[in-house]
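Colleague: The structure's right below; bear with me while I get my questions together.
The values are calculated or read from the model by the stated rules, or taken from the named source; none is laboratory data. As the structure is a prediction and not an experimental result, all values here were calculated from the model. All Cβ positions, even for glycine, are placed from backbone atoms using ideal geometry, and neighbour counts span all protein chains on display. Surface accessibility is based on the protein's heavy atoms, side chains included, excluding ligands, DNA and RNA. Shrake-Rupley method; radii C 1.70, N 1.55, O 1.52, S 1.80 Å.
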Amino acid sequence: MSKTALSVNLNKVALLRNSREGNFPCVVEHAKVCLDAGADGITVHPRPDQRHIRPHDVYDLAELVRPLDGIEFNVEGNPFAESLGDYPGFIELVEATKPDQCTLVPDSNDQLTSDHGFDLTRSGDELRPIIKRLQDQGIRVSLFMDPDVEQIKLAKAVGADRIELYTGPYAEAYKLQSEQLESIYQAHYKAAEAANELGLGVNAGHDLNLDNLDKYRGIPQLLEVSIGHALTVDSLAMGMRTAVERYRVICHK
Ligand SMILES: CC(=O)[C@@H](O)[C@H](O)COP(=O)(O)O
Ligand SMILES: NCC(=O)COP(=O)(O)O
């Protein structure tokens, strides 16, 4: 099994920082801790309401990661998110910071968190020029998708480089050890197989943790997982360096 890149999502470090004036905890300093501990990349999800990641975080992290060989910066968000206050609009922010990868996510501004993939039968035509516009600037484009083979075929048709499989329902089924766990896992397995056959890279994320990650690594040719919420909670108990090392061991075995 080839290694899976671990991209640490720092949204929740920013959430804690935003709960007081000032810059404590510092997002960039925690990115350095994660990278020193062996993370393969950093992910952020700048939302228009700036509940956690703010535009300057994206600039700061792009500057930190850019010179680091083999380390990637992944910026996730709603491609149709418009400017709001000093939030410049998602695509504008991505174009200004030029991350290695941009993961487009169909989130509305009022969502608590990301909870579904794209329906490309509805948004595919709108996404196609956005995908090309980012790719023309050297940015790899990934689409946040549910494990639906027909939708995965549309992701290829609109020109995506990769998909990110939304693992929320898998994580929930794993936590409950529900009867649906194996069927959900098989749906992800089949979606990844279809993506690989189409030449789409496979990423995954949302609610992955130290319990459910090992099983999920059985997904074929899983290139990257982005993990933030559970890893940050784990960091409260064991420290961020140890937490990242624990996730890295699973990702790289
Ligand atoms: C797309 C996804 O599942 C996560 O990348 C997302 O960043 C979670 O967003 P919150 O951290 O705002 O819940
Ligand atoms: N794309 C998933 C991500 O970046 C982090 O999701 P979570 O681990 O915070 O649920």
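Colleague: Is there any pair with a first residue in region 157-183 that is under 17 Å from Ser226 (Cβ atoms) and a second that is away from ligand 1 (no atom under 15 Å from the Cβ) and of a type in the set (Ser, Thr, Tyr) whose Cβ atoms are under 9 Å apart and which are 6 or more apart or on different chains, and what are they?
Modeller: Correct list of pairs: Tyr170/Tyr185.
Colleague: In region 143-156, which residues are acidic (Asp, Glu) and either touching a residue at least 60 places away in the same chain (Cβ under 8 Å) or open to solvent by less than 70 Å² (accessible area, probe 1.4 Å) (or both)? Can you show your working first?
Modeller: Going residue by residue through region 143-156, those that are acidic (Asp, Glu) are 146, 148, 150.
Within region 143-156, Asp146, Asp148 meet the criteria.
Condition check ((1) within 14 Å of ligand 2 (Cβ to nearest atom); (2) out of contact with any Pro (no Cβ under 8 Å at 6 or more places or on another chain)) across all residues:
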position	(1), (2)
Val13	yes, no
Glu29	no, yes
Cys34	yes, yes
Glu63	no, yes
Pro67	no, yes
Gly89	no, yes
Gln101	yes, yes
Asn109	no, no
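Colleague: Next question. Of the numbered conditions (1) over 24 Å from Val149 (Cα atoms); (2) over 13 Å from the mean Cα position of the chain (by Cα); (3) not in a loop (DSSP other than H, G, I, E, B), Phe73 satisfies every one except a single condition; which is it?
Modeller: (2)
Colleague: From the list Asp57, Asp36, Asp100, Asp69, which one is farther than 24 Å from His116 by Cβ and buried (at least 21 other Cβ atoms within 10 Å of the Cβ)? Step through it out loud before you land on a result.
Modeller: Values: Asp36 fails: buried (at least 21 other Cβ atoms within 10 Å of the Cβ); Asp100 fails: buried (at least 21 other Cβ atoms within 10 Å of the Cβ); Asp69 fails: buried (at least 21 other Cβ atoms within 10 Å of the Cβ).
The conditions single out Asp57.
Colleague: Let me ask another. Within the set of pairs 6 or more residues apart or between chains, which connect a residue that is more than 18 Å from Tyr247 (Cβ to Cβ) and in a loop (DSSP other than H, G, I, E, B) inside region 19-34 to a residue that is open to solvent by 50 Å² or more (accessible area, probe 1.4 Å) and not β-branched (Val, Ile, Thr) with Cβ atoms less than 7 Å apart?
Modeller: Pro25/Leu16
Colleague: Hey, another quick one. Which of the helices (runs of 4 or more DSSP H) found entirely inside region 151-231 contain at least 3 residues meeting this: of a type in the set (D, E, K, R) and away from ligand 1 (no atom under 16 Å from the Cβ)? Even if it seems obvious, please write down each step before you answer.
Modeller: Values: elements: 168-176, 181-198, 213-216.
Output list reads 181-198.
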